Amino acid sequence: MHAPPLLLVIDVLDEDAGLADVEDSQGRTYQLPAEWLPGAADGAGYRVEEAGGALTFAPAPDAARLMRERSKQTLLDFSDAPGENA
């Protein structure tokens, strides 16, 4: 089964330091050099693509929306879990 693509969204862009604080679709947060992210801006989204051992960050305008939908579904799944054992 093919895994969904990894998505990134810039939370905060520090232009002075040249770093972007990002969150990925697995809930991890870290910093990346802003120069790696085409058109870097607060809230910009990217799809991570791997080919030949190299990563590229392709702009994905719908990344933030997709990540919000996944987060909502995770919360719904979590809140439903206790009712299963009741």
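A few comments on the model shown:
- Residue list for the range 2-19, restricted to those being under 12 Å from the mean Cα position of the chain (by Cα) and in a strand (DSSP E or B): 6, 7, 8, 9, 10, 11
- Cβ-Cβ distances below 7 Å connect the following pairs, each with a first residue in the range 21-42 that is part of a loop (DSSP other than H, G, I, E, B), a second residue that is of a type in the set (Val, Ile, Thr), and a separation of six or more residues or different chains: 37/10; 40/10; 41/10; 42/10; 42/12.
- Residue selected from the range 12-53 under the condition among the acidic types (Asp, Glu) and surrounded by 14 or more Cβ atoms within 10 Å (Cβ to Cβ), by the criterion nearest to residue 70 (Cα to Cα): 24
Okay, residues lined up against (1) more than 16 Å from residue 12 (Cβ to Cβ); (2) modelled with pLDDT under 95:
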| site | (1), (2) |
| --- | --- |
| 26 | yes, yes |
| 32 | no, no |
| 42 | no, yes |
| 54 | yes, yes |
| 61 | yes, yes |
| 64 | no, yes |
| 67 | no, yes |
| 71 | yes, yes |
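The values are calculated or read from the model by the stated rules, or taken from the named source; none is laboratory data. Just so it is clear, the model here is predicted, and its values are computed rather than measured. A quick note on method: Cβ atoms are made from the backbone with ideal geometry, for glycine too, and the neighbour counts reach across all protein chains shown.
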